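Student: What follows is a structure written as structure tokens; I'll ask about it next.
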Amino acid sequence: MRIKLLPENPNFGFLQKRVAFFIFSGLLVAASLGLFAVNSLNYGIDFTGGIMIEVKTDQPGQIGTMRKELKALNLGAVELQEFGAPNDILIRLQAQQGGEKANQAAVAAVKQALGDGMDYRRTELVGPKVSDELFWNGLYAVVSAIFAILVYIWFRFEWQFGLGAVVALTHDVITTIGVFALIQLEFNLSTVAAVLTIAGYSINDTVVVFDRVRENLRKYKTMPMDELLNQSANETLSRTVMTSLTTLLALVALYFLGGEIIRDFAFAMIWGVVIGTYSSVCLAVPLLLRFGIQRRSSDDEAVNQQP
């Protein structure tokens with residue numbers, strides 16, 4: 001028996017509620033910016049600098065025990081991950097207050113806690129210059145991705161579509177940062193990768209809806225623009241919801257079963273899928289009406305549609 005999450009022919013009034021959606025999204029963005037200004041982000045070692053230690057254990061599967069031992073040292077943020085082979089572990093510690101002597105003392109404490117059964121291959125200090133460069137490179141990556149998406153949508157559709165997509169994407173990115181500022185999860189390069197993935201996922205949903213809008217613009221020559229946009233959103237709603245739910249199933253499994261290393265990434269993706277689905281239907285489509293989307297008549301003359 002086929003599972004039905006939505007009616008056969010949904011007819012939700014997305015366009016009729018567009019003012020409420022705009023107000024809600026505006027408040028969400030304002031709250032996110034306020035949280036970022038007040039709380040800032042809990043930057044990881046990638047952005048704050050720290051100590052990197054690569055070790056080889058005598059047998060695989062010790063990463064959980066090592067994590068507990070190192071967290072008991074109270075050295076601040078501690079990250080462990082497999083680095084190549086299962087018994088190659090990369091340990092990252094936040095930079096210690098007190099300069100070089102404090103960092104050397106932290107390295108000595110780590111070696112003492114882990115014992116003699118480890119092969120210490122390298123120990124490096126990630127300075128503030130490198131971490132600052134990583135931060136700006138991550139920011140440039142996000143901004144460049146959004147700009148590239150604007151250009152792509154503009155050429156594929158019209159400028160109104162491109163602008164609507166970028167507003168929705170910016171909304172998704174800012175609210176994701178706001179969530180991280182609220183609950184103070186660690187913000188590192190993995191989180192930047194999650195933000196870029198969220199942008200790609202969200203634009204995929206948005207393009208599907210936009211493509212149906214363009215199709216209906218050619219199909220229905222006299223239908224009022226708000227009705228046409230609402231119908232387009234409803235016609236693609238089943239696909240959008242099912243894609244999001246199946247993606248969420250995998251992400252929830254990663255969040256609970258994937259371990260600490262991938263948990264923050266999975267959480268960012270879960271939030272991104274939810275907010276991206278919302279923005280594609282409830283924000284990007286109504287914005288087309290606000291930006292004065294144009295309908296092409298049979299003789300290719302543009303007729304302006306006022307919001």
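The values are calculated or read from the model by the stated rules, or taken from the named source; none is laboratory data. Because the structure is a prediction, the values reported are computed rather than measured. Reconstructed Cβ throughout: ideal geometry from the backbone, glycine too, with neighbour counts over all protein chains shown.
One line per residue, one yes/no per condition, for (1) over 30 Å from Arg121 (Cβ atoms); (2) without any contact (Cβ under 8 Å) to a residue 60 or more places away in the chain; (3) not in a loop (DSSP other than H, G, I, E, B); (4) not charged (D, E, K, R):
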{"position": "Asn11", "(1), (2), (3), (4)": "yes, no, no, yes"}
{"position": "Leu15", "(1), (2), (3), (4)": "yes, no, no, yes"}
{"position": "Val19", "(1), (2), (3), (4)": "yes, yes, yes, yes"}
{"position": "Phe22", "(1), (2), (3), (4)": "yes, no, yes, yes"}
{"position": "Gly26", "(1), (2), (3), (4)": "yes, yes, yes, yes"}
{"position": "Phe36", "(1), (2), (3), (4)": "yes, no, yes, yes"}
{"position": "Gly61", "(1), (2), (3), (4)": "no, yes, no, yes"}
{"position": "Glu69", "(1), (2), (3), (4)": "no, yes, yes, no"}
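Student: Tell me, which residue of region 111-137 that is closer than 17 Å to Asp58 by Cβ and touching a residue at least 24 places away in the same chain (Cβ under 8 Å) is surrounded by the most Cβ atoms within 10 Å (Cβ to Cβ)?
Tutor: Among those residues, the one meeting the criterion is Leu114.
Student: Considering (1) in contact (Cβ under 8 Å) with a residue 60 or more places away in the chain; (2) more than 22 Å from Gln294 (Cβ to Cβ); (3) in contact with a helix residue (DSSP H, G or I) (Cβ under 6 Å, 6 or more places away or on another chain); (4) not charged (D, E, K, R), say which one Ala199 fails and leave the rest.
Tutor: (1)
Student: Further, regarding this structure: Any residue in region 143-150 that is modelled with pLDDT of 90 or more, assigned to a helix (DSSP H, G or I) and of a type in the set (Phe, Trp, Tyr)?
Tutor: no
Student: In region 55-69, is there at least one residue being surrounded by 14 or more Cβ atoms within 10 Å (Cβ to Cβ), touching a helix residue (DSSP H, G or I) at 6+ places or on another chain (Cβ under 6 Å), under 22 Å from Phe265 (Cα atoms) and not charged (D, E, K, R)? Break it down into steps so the answer makes sense when it comes.
Tutor: Taking region 55-69 as the starting set, the residues that turn out to be surrounded by 14 or more Cβ atoms within 10 Å (Cβ to Cβ) are 55-57, 62-63, 66-67, 69.
Right, trim to touching a helix residue (DSSP H, G or I) at 6+ places or on another chain (Cβ under 6 Å) and you get 69.
Add one more test, that the residue is under 22 Å from Phe265 (Cα atoms), and what stays is none.
Checking region 55-69: not a single residue is surrounded by 14 or more Cβ atoms within 10 Å (Cβ to Cβ), touching a helix residue (DSSP H, G or I) at 6+ places or on another chain (Cβ under 6 Å), under 22 Å from Phe265 (Cα atoms) and not charged (D, E, K, R).
Student: For region 71-86, which residues satisfy the criterion of being part of a strand (DSSP E or B) and touching a Gly at 6+ places or on another chain (Cβ under 8 Å)?
Tutor: Of everything in region 71-86, those that are part of a strand (DSSP E or B) and touching a Gly at 6+ places or on another chain (Cβ under 8 Å) turn out to be Glu79, Pro86.
Student: Looking only at residues that are buried (at least 18 other Cβ atoms within 10 Å of the Cβ) and among the aliphatic types (A, V, I, L, M) in region 42-54, which one is nearest to the chain's Cα centre (by Cα)?
Tutor: Step by step, filter region 42-54, then rank; the result is Ile45.
Student: Now, a different point. State whether one or more residues within region 69-78 are closer than 21 Å to Ala193 by Cα and outside the structural domain of Val209 (by TED's automatic domain parsing).
Tutor: Scanning region 69-78 turns up at least one residue that is closer than 21 Å to Ala193 by Cα and outside the structural domain of Val209 (by TED's automatic domain parsing).
Student: Still on this structure, please answer the following. So which residues in region 217-228 are more than 16 Å from Val281 (Cα to Cα) and of a type outside the set (Phe, Trp, Tyr)? Please lay out each step first, then the result.
Tutor: Going residue by residue through region 217-228, those that are more than 16 Å from Val281 (Cα to Cα) are 217-224.
Passing the criteria: Leu217, Arg218, Lys219, Lys221, Thr222, Met223, Pro224.
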